[in-house]
1. Run the quick spin-label model on ARG91 and THR133: label points 7 Å from Cα toward the beta carbon, then report their separation in nm to one decimal.
2. Given the options ALA18, ALA77, ILE65, identify the residue whose Cα lies farthest towards the positive end of the charge dipole of the chain (+1 on Cβ of Lys, Arg; -1 on Cβ of Asp, Glu).
3. Residue by residue through the stretch 22-32, which ³J(HN,Hα) values in whole Hz follow from phi under the Karplus form 6.51 cos²θ - 1.76 cosθ + 1.60 (θ = phi - 60°), with glycine and proline marked x?
4. Loop only per DSSP, at most 14 neighbouring Cβ atoms within 10 Å: give me the GluC sites (Glu not before Pro) in the stretch 69-128, ordered by residue number.
5. To the nearest 20 Debye, how big is the dipole of the stretch 1-135 about its Cα centre, given +1 on the beta carbon of each Lys and Arg and -1 on that of each Asp and Glu?
Amino acid sequence: MGWVKINTDGARKEDGRAGCGGILRGSEGEWHGGFSKYVRMCSAYVAELCGVYEGLQYARRLWFILVELNVDSLVVAKTLLDEGDVRPISRNLVQKIRRLLQMAWEVKVQHSYREANTCADALTNIGCSMGSTLMIYESCQTQLRHLLVADQMGVPHPRMVNL
């Protein structure tokens, strides 16, 4: 109780456009907010970090103090936990995120598989197709409602793996 969960994501499309997105939910899976952002031409790694930064900024603006941050990039999770190398291209952004993590709140950084990150993935895809700026969603968008309900019910999203 009292915790909010942030799922963030970032992606780079074949044409080089990148975006990020995320969702903030309460302990019962209820919608607290979401966001999409067009990042620019960058790597998927930098887009993932942008999603983390925007998600944490959003949670701070909403005054949450107990936060579970879930990212589907193991490299990003390890970087944020001081276990991974910081790439020169992202050093500034990682420093900003680490400063946010050190503020007066409790943030648990965790890796989650992309199958548990479908809402954030959908918001990221919106971000990749946007022209600019950050879009905040105070209520759940119609195209995401079925993903949110499936997540609340624990419906699995299996991944097909070629053997």
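1. Calculated label separation equals 3.4 nm.
2. ALA18
3. Ordered by residue, 3J(HN,Hα) equals x, 9, 10, 10, x, 5, 9, x, 6, 5, 10 Hz.
4. Answer in residue order: GLU83.
5. 520 debye
Every number in this text was worked out from the coordinates using simple rules, so none of it is lab data. Just so it is clear, the structure is predicted and the values come from calculations on it, not from any experiment. Positions of Cβ are generated from backbone atoms using ideal geometry, with glycine treated the same way; all protein chains shown enter the neighbour counts.
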